[in-house]
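Visitor: Pasting a structure below so you can have a look.
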Amino acid sequence: MYHGKSTPLRIAVLSDTHDILRPQVKEILRSCDAAIHAGDVTTEEVMDEMRKLTNIYVVRGNNDYHLSYLRQTLSCSIAGISFLAVHDRRNAGRNLDNAQVVIFGHTHRYSQEVIGGRLWLNPGSCGRRRFSGELTMAVLTAEEGKILNLEKIEISEDEL
């Protein structure tokens, strides 16, 4: 029964999967209401897998040659939060469309910082290990335009 109260939504944030969707990542996606992928999916097969697991928003990365239908910039609103997603942070531009959160990838390194009241979040990479960095993604919990929680998740290098 609906009582006029909203429920917090879980939003997975990931990038640079590079044609791999690890079992731990799949489980996290299943547990989320939506996901934002900041590019470098690289294959239609991984896109199809993600679509089966949750509502997915994806931007094109520099290695997404076969996914040319993806946009380089994507604005969306989830749980009352305004997001802007790009692959490379430099492509966010000056007009951030009043985004509360800017999601980007490309560097394969997790980072989060608040600049001018806006969260800039790079979930890192959860695909193939590159540059000897850790494998990471994030999960945001949000409700009525507020971020309730932001969790950095370290992904194990399990067998595929």
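Visitor: Output the residues belonging to the range 136-156 that are touching a residue at least 40 places away in the same chain (Cβ under 8 Å) and either touching a Lys or Arg at 6+ places or on another chain (Cβ under 9 Å) or within 13 Å of residue 109 (Cβ to Cβ) (or both).
Guide: Within the range 136-156, 137, 138, 139, 140, 141, 142, 152, 155, 156 qualify.
Visitor: Let me ask another. Does at least one position in the range 86-103 carry a residue that is free of Cβ contacts under 8 Å to residues at least 40 places away in the same chain, in a strand (DSSP E or B) and of a type in the set (Val, Ile, Thr)?
Guide: Among the residues of the range 86-103, at least one is free of Cβ contacts under 8 Å to residues at least 40 places away in the same chain, in a strand (DSSP E or B) and of a type in the set (Val, Ile, Thr), which makes the answer yes.
Visitor: If we keep just the residues of the range 79-91 that are surrounded by 19 or more Cβ atoms within 10 Å (Cβ to Cβ) and either among the aromatic types (Phe, Trp, Tyr) or farther than 11 Å from residue 103 by Cα (or both), which is nearest to the chain's Cα centre (by Cα)?
Guide: Per the stated criteria, the residue is 83.
Visitor: Something else now. Is it true that some residue in the range 45-67 is β-branched (Val, Ile, Thr), surrounded by fewer than 20 Cβ atoms within 10 Å (Cβ to Cβ), in a loop (DSSP other than H, G, I, E, B) and modelled with pLDDT of 95 or more?
Guide: Yes; the residues of the range 45-67 include at least one that is β-branched (Val, Ile, Thr), surrounded by fewer than 20 Cβ atoms within 10 Å (Cβ to Cβ), in a loop (DSSP other than H, G, I, E, B) and modelled with pLDDT of 95 or more.
Visitor: Six or more apart or on different chains, Cβ atoms under 6 Å: show the pairs whose first residue is in the range 12-26 and farther than 11 Å from residue 63 by Cβ and in contact (Cβ under 8 Å) with a residue 24 or more places away in the chain and whose second is in a helix (DSSP H, G or I) and among the acidic types (Asp, Glu).
Guide: Close Cβ pairs (under 6 Å, with a partner that is in a helix (DSSP H, G or I) and among the acidic types (Asp, Glu)) amount to 21/49.
Visitor: Tally the residues that are buried (at least 18 other Cβ atoms within 10 Å of the Cβ), out of contact with any strand residue (DSSP E or B) (no Cβ under 6 Å at 6 or more places or on another chain) and not β-branched (Val, Ile, Thr), restricting the search to the range 10-38.
Guide: 4
The values are calculated or read from the model by the stated rules, or taken from the named source; none is laboratory data. None of the values given here were measured: they were computed from a predicted structure. Cβ sites come from the backbone with ideal geometry, for glycine too, and all protein chains shown count toward neighbours.
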